[in-house]
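Notes for the one structure printed next.
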Amino acid sequence: MSFPSGPEQEPSLAALVATVAALDRHVERAMIARDRKIEQRFVASDRLFQVVTSAAKEAVEKAEAANGKRFESVNEFRAQLSDQAAMFQPKVLADQQFSALNQSIGRMHEDMVELRTTWAQHLGEAGGAGDTRDDSRAELSVKIATAAVIVAVVLGSLNFLLGLLPQGGVGLGL
């Protein structure tokens, strides 16, 4: 709207009221348009927030599931290690068994030396003039005894190494 300019022409009250009413409608339309834009932006940001929140929640759930599977396999591995460790023989027991085997082997060696000495004395007392069959039998007996001792040592060692001995003791009957 335009007003006539100049000192002699003053706008009429009706023209001023019409102008104020037109400006009021214009401001009201502008405020309504602004409110609509604000409402649209709010709705759009709310939707975006819901989408982002949903995606974050889904990512957290997937990460928790993957973490759970990883810890499950770690716990399974730990259980396997515990089971395996339970099967191992304690060092103290192994040391006791090695010591017992060494003592047993030492005694067998001493017995063999004594047996040889006894047979040598026996053969010496006979003067060597005895029957060659008796000498051969004596040598054969010594060889058989030696082989029996060696077999006993080997079997005892295998028994020990394979862990067939009872856990409560040495198991050699010593």
Can you confirm whether region 20-29 contains a residue that is among the hydrophobic types (A, V, I, L, M, F, W, C) and within 26 Å of the chain's Cα centre (by Cα)?
-> no
Would you check if there is a residue in region 62-73 being hydrophobic (A, V, I, L, M, F, W, C), under 24 Å from the mean Cα position of the chain (by Cα) and not in a helix (DSSP H, G or I)?
-> no
When residues of region 128-155 are limited to those that are at pLDDT below 80, of a type outside the set (A, V, I, L, M) and in a helix (DSSP H, G or I), the one farthest from the chain's Cα centre (by Cα) | 132
Expected output for region 107-121 (first residue modelled with pLDDT under 85, partner of a type outside the set (A, V, I, L, M), Cβ below 7 Å, 6+ apart or cross-chain) is 112/146
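The values are calculated or read from the model by the stated rules, or taken from the named source; none is laboratory data. The structure presented is a predicted model; accordingly, all values stated were derived computationally and were not measured. Note: ideal-geometry Cβ built from the backbone for every residue, glycine included; neighbour counts use all protein chains shown.
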